[in-house]
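The structure appears below as structure tokens.
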Amino acid sequence: MTEVHLKGRLICRDEREATLVATHLPRHVELTRAEQGCRSFSVTPTEDSLVWRVEEVFDDAASFRRHQDRVQGSQWGAVTASIERDYSITGLHN
């Protein structure tokens, strides 16, 4: 069983998008950390108010994919769908 690590950035275009992230992030973090297979999950602001650092660790590919599926159908997924993501994922094999 190989852990899946995601690291990267959530990059907002403007203050409106940054406000969406700040408003909806606490619930997204709470729900994600409660998921089976989530080892760690953090989304933290950087020195640039439009950029957030994202770090995730899941037990394996199956738990990571369940997380991705849940997010797509969530309020977080809907309100942040157009926000740019710059992620690198390791441990995920097809």
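The values are calculated or read from the model by the stated rules, or taken from the named source; none is laboratory data. Worth saying up front: this structure is predicted, and the values here are computed from it rather than measured. Backbone-built Cβ (ideal geometry, glycine too); neighbour counts: all protein chains shown. What goes into the accessible areas is simple: the full protein's heavy atoms, side chains included, and nothing from ligands, DNA or RNA. Shrake-Rupley method; radii C 1.70, N 1.55, O 1.52, S 1.80 Å.
Just give me the residues in region 16-58 being in a helix (DSSP H, G or I) and of a type in the set (Gly, Ala, Ser), in sequence order. Give the steps one after another, and end with the answer.
Quick first cut of region 16-58, residues in a helix (DSSP H, G or I) only: 16-33.
Ala18, Ala22 - these are the residues of region 16-58 that are in a helix (DSSP H, G or I) and of a type in the set (Gly, Ala, Ser).
Out of the residues in region 1-20 that are of a type in the set (A, V, I, L, M, F, W, C) and under 11 Å from the mean Cα position of the chain (by Cα), which is nearest to Ser63 (Cα to Cα)?
Residues of region 1-20 of a type in the set (A, V, I, L, M, F, W, C): 1, 4, 6, 10-12, 18, 20.
Now drop any that are not under 11 Å from the mean Cα position of the chain (by Cα), which leaves 6, 10.
Values: Leu6: 13, Leu10: 21 Å.
Applying the filter and picking the extreme gives Leu6.
Whenever a residue of region 69-94 is of a type in the set (Val, Ile, Thr), its partners that are open to solvent by 70 Å² or more (accessible area, probe 1.4 Å), lying with C-beta atoms within less than 8 angstrom and at least six residues away or across chains, give the pairs Ile83/Arg13. Taken as a whole, the condition of being assigned to a loop (DSSP other than H, G, I, E, B), surrounded by fewer than 16 Cβ atoms within 10 Å (Cβ to Cβ), on the phi < 0 side of the Ramachandran plot and among the charged types (D, E, K, R) does not apply to Asp69. Scanning region 44-92 for residues that are within 11 Å of the chain's Cα centre (by Cα) and of a type in the set (Ser, Thr, Tyr) gives Thr44, Thr80, Tyr87.
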